[in-house]
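The values are calculated or read from the model by the stated rules, or taken from the named source; none is laboratory data. From a predicted model like this one, the values you see are computed outputs, not experimental measurements. Cβ placement follows ideal geometry from the backbone for every residue including glycine, while neighbour counts extend to all protein chains displayed. Just so you know, the surface numbers come from the protein's heavy atoms only, side chains and all, with ligands and any DNA or RNA stripped out. Shrake-Rupley method; radii C 1.70, N 1.55, O 1.52, S 1.80 Å.
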Amino acid sequence: MNTRKLNRSYPFWMTSPAIIIYTLFFIVPIFASFIYSFTNWNMNSINSPVFNGLDNFRNLFSDGVFFRSLSNTLLFAFTTTILKTVVGLSLAVIVVQKFIGNSFFRTLFYMPSVLSPMIVGLLFTAILKQEGLMNNILNSIGLGQLARDWLGNYGTAMFWIIAIEIWMWAGFSMFIFISGLQAISKDYYEAADMEGASAWLKFRSITLPLLAPSFTVVTTLNITGGLKVFDLVYSLTGGGPGFDTQVLNTYTYRAFGMGLLGKSSASVLILSFVVVLITFALNKMLKSREVDA
């Protein structure tokens with residue numbers, strides 16, 4: 001009876017604006033990309049694309065820059081997911097304790113995640129470039145021999161891209177873990193105290209297993225965001241030096257900017273396939289490890 005009443009209160013037509021917007025801005029572009037990825041669509045044939053089978057995919061898989069972009073995307077996604085999870089959990093375990101300034105530190109750690117990645121990228125570019133703030137500080141304290149163009153070679157550029165991503169989003173992971181920690185009943189810890197369990201044993205045997213749903217959410221969000229990274233890499237290095245820090249989205253953007261619309265559509269399709277495959281596989285594996293609190 002309540003269900004029938006609820007259905008009468010919220011008729012199906014009320015969802016139609018959301019369905020129309022989702023269809024126009026998500027379903028139609030995905031379907032169009034799928035179709036155009038099998039054509040020679042470019043700026044010279046923008047009104048008359050011709051079906052060319054798998055040529056775009058053959059071109060991509062014979063392009064060394066594409067494989068470099070794919071490997072950088074996977075490196076970035078898995079490294080940042082692991083470190084954001086570890087750092088986020090560590091911060092959550094600390095700030096979930098009761099102490100003076102608790103709320104201040106929660107806000108402080110979460111604050112970077114509300115900033116625009118493009119703005120953060122431009123800010124750190126000013127800090128890390130050859131004439132930037134970091135090198136000026138090193139020179140002023142007599143460590144000028146350590147000064148370098150931090151975004152000018154692959155090793156340091158990838159390090160800073162990954163480090164800045166972790167700085168931005170570890171606080172977001174922290175809040176998800178805080179919710180999970182607060183949902184764990186204190187009865188488990190009191191029973192463990194009566195048995196004389198150590199702090200590490202309680203963390204390993206109680207906290208970690210009961211935090212499994214939080215791990216699923218954090219890992220899924222971070223791996224998906226990592227695979228789709230664009231704005232941070234684009235604003236920091238633009239995929240350079242050369243093509244060293246190129247990721248799949250900057251590779252696609254570059255192909256699109258060159259007018260290779262069919263090739264960029266194929267690249268987007270491959271990225272979508274990678275995101276769906278890895279996300280579903282990880283989600284299924286992590287959900288199988290969840291236990292009821």
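Some points to look at:
- Condition met for LEU201 (out of contact with any Lys or Arg (no Cβ under 8 Å at 6 or more places or on another chain), at pLDDT 90 or above, over 30 Å from GLY64 (Cβ atoms) and open to solvent by 30 Å² or more (accessible area, probe 1.4 Å)): yes
- Close pairs (6 angstrom Cβ cut-off, 6 or more residues apart or separate chains): over 11 Å from LYS287 (Cβ atoms) in the range 207-218, open to solvent by less than 30 Å² (accessible area, probe 1.4 Å) and assigned to a helix (DSSP H, G or I) anywhere: LEU211/GLY180; SER214/PHE177; SER214/GLY180; VAL218/THR85; VAL218/SER173
- Residues of the range 47-88 satisfying the condition of being under 30 Å from THR220 (Cα atoms) and among the basic types (Lys, Arg): ARG68, LYS84
- Against the list (1) closer than 30 Å to LYS186 by Cβ; (2) loosely packed, with under 13 Cβ neighbours inside 10 Å, the condition ALA92 fails is (2).
- Helices (runs of 4 or more DSSP H) completely within the range 148-205 that count 3 or more residues being closer than 30 Å to ASN136 by Cα and out of contact with any Ser or Thr (no Cβ under 7 Å at 6 or more places or on another chain): 154-182
- Of all residue pairs spaced 6 or more apart or on separate chains, those with beta-carbon atoms under 8 Å, a first member in the range 76-102 that is farther than 19 Å from LYS228 by Cβ and touching a residue at least 40 places away in the same chain (Cβ under 8 Å) and a second member that is of a type outside the set (Asp, Glu) and not in a helix (DSSP H, G or I) are LEU89/LEU211.
- Among residues of the range 128-147, those that are surrounded by 15 or more Cβ atoms within 10 Å (Cβ to Cβ), hydrophobic (A, V, I, L, M, F, W, C) and part of a loop (DSSP other than H, G, I, E, B), counted: 1
- Residues of the range 34-69 that turn out to be outside any loop (DSSP other than H, G, I, E, B), among the small types (Gly, Ala, Ser) and surrounded by 19 or more Cβ atoms within 10 Å (Cβ to Cβ), as a count: 1
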